[in-house]
Every structure is written in C-alpha cells, then in structure tokens.
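S.K.: Shown below is the structure under consideration.
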C-alpha cells in the first residue's frame, strides 16, 4: 500500500473565516489528516469553506471526514460548506446523496 502524500492543502484565514483549498487525490490514507485539518479550521473559525475544485479523486473515507467536520461545526454553531468541487468530486457527492448537505449555505455567507 502506497502511503505517499497524494494531495495538498492550503488554508487561508480572514477574520472568523477559513478557506481550505484542497488538490490531488484524497483517499483513506489521507482522510485522517484531512479530518484533523478540517476540525482545526472549524475550531478556529465561524465559517469554513472547502474548495475541492482541484481534487481529482475522493473515496468514502473523505466523504465521512467532510460530513463529520460539517456536523462538528453545526453542533458548535459554526458552519462548514463545500464551495467548489471538481466534476469528479461533485459526481461522487451527488451519487452518494451528500452533495446538498455539504453545499447548503448558512445565513452567515
């Protein structure tokens, strides 16, 4: 099993907002790191936007990390949403039925 890093991220901070920009292929090997990254963003901001426009692959562990972070944000009165998705990511999230849950905007936008 290849455990090399196959994805990258950048986090941009502006006041109480964070934008997490992801790129590459994210699978079960990268999902724990992604989960930590998203939780740190949620812990430090009221609004977290995830940009996955440059992500070429995700699996179910990534979907779980996104939903878990979204739910953690919601329980603390914060908001996490997917603001951009590559066609591949969009399709996977749509087919699995979670696209709307991740892309719904809050009143804070």
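S.K.: Here is a check on your reading of the model: is residue 58 closer than 21 Å to residue 87 by Cβ and within 9 Å of the chain's Cα centre (by Cα)? Spell out the reasoning first.
M.R.: Values: closer than 21 Å to residue 87 by Cβ: yes; within 9 Å of the chain's Cα centre (by Cα): no.
For residue 58, the condition - closer than 21 Å to residue 87 by Cβ and within 9 Å of the chain's Cα centre (by Cα) - is not met.
S.K.: Here is a list: 34, 38, 66. Which entry is touching a helix residue (DSSP H, G or I) at 6+ places or on another chain (Cβ under 9 Å), in contact (Cβ under 8 Å) with a residue 40 or more places away in the chain, buried (at least 21 other Cβ atoms within 10 Å of the Cβ) and part of a helix (DSSP H, G or I)?
M.R.: On inspection, the qualifying residue turns out to be 38.
S.K.: Please determine, by comparing only the residues of region 3-22 that are surrounded by 14 or more Cβ atoms within 10 Å (Cβ to Cβ) and more than 11 Å from the chain's Cα centre (by Cα), which one is farthest from residue 65 (Cα to Cα).
M.R.: Only one residue fits best here, namely 17.
S.K.: Can you tell me which of (1) farther than 22 Å from residue 17 by Cβ; (2) in contact with a helix residue (DSSP H, G or I) (Cβ under 7 Å, 6 or more places away or on another chain); (3) assigned to a helix (DSSP H, G or I) is the one residue 94 doesn't meet?
M.R.: Only one criterion is unmet by residue 94, namely (2).
S.K.: Does residue 55 satisfy the criteria of being without any contact (Cβ under 8 Å) to a residue 60 or more places away in the chain, crowded, with 18+ Cβ neighbours inside 10 Å and touching a strand residue (DSSP E or B) at 6+ places or on another chain (Cβ under 7 Å)?
M.R.: Values: without any contact (Cβ under 8 Å) to a residue 60 or more places away in the chain: yes; crowded, with 18+ Cβ neighbours inside 10 Å: yes; touching a strand residue (DSSP E or B) at 6+ places or on another chain (Cβ under 7 Å): yes.
Here the answer is yes, as residue 55 does meet what is asked.
The numbers here are math on the coordinates, done by the rules we state, and not lab data. Predicted model only: the values in this text are computed from it and were never measured. Every residue, glycine among them, receives a Cβ derived from its backbone with ideal geometry; neighbour counts consider all protein chains shown.
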